Amino acid sequence: MTDTSLRQRLRAALPVAMKARDKAATAVLRATLAAIDNAEAVAPDELPPAGSLAIEQVPIGAGATEVARRLLTEPDVDRIVRAELAEREAAADEYDRIGRPDRAEQLRGEARALAVHLD
């Protein structure tokens, strides 16, 4: 196992894939990093209720209403990456079923490009 986190490995692999003009790897790395970033977002139902403060307690100024993002653990990130991988494999199977082997192979290429980063 490596000392760098999965997210760091994915981020480091993105510019390498871009320089190599590897479209499948670039697409899957961007999508997976976006999925990780989205998982850190705070759901609206977790935000403090609007209007719950008296006027003199309302925060003012730049960033005053910012909420800290969720902190994902390494197992959380691993689950997200594995879900992205499984989604592509399932979609590739479906494309094969409907007679689109070209699209199925593209998705399998993305899945392979992602799988190399998993421990």
Answer residue from the stretch 81-119, given it is aliphatic (A, V, I, L, M) and surrounded by fewer than 19 Cβ atoms within 10 Å (Cβ to Cβ) and is farthest from the chain's Cα centre (by Cα) among those: Ile98
The one condition in (1) over 18 Å from Gln8 (Cα atoms); (2) modelled with pLDDT of 95 or more that Gly51 fails to fulfil: (2)
Residue within the stretch 84-98 that is among the hydrophobic types (A, V, I, L, M, F, W, C), at pLDDT below 80 and over 23 Å from Thr26 (Cβ atoms) present: no
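The values are calculated or read from the model by the stated rules, or taken from the named source; none is laboratory data. As the structure is a prediction and not an experimental result, all values here were calculated from the model. Positions of Cβ are backbone-derived with ideal geometry, glycine not excepted, and every protein chain shown enters the neighbour counts.
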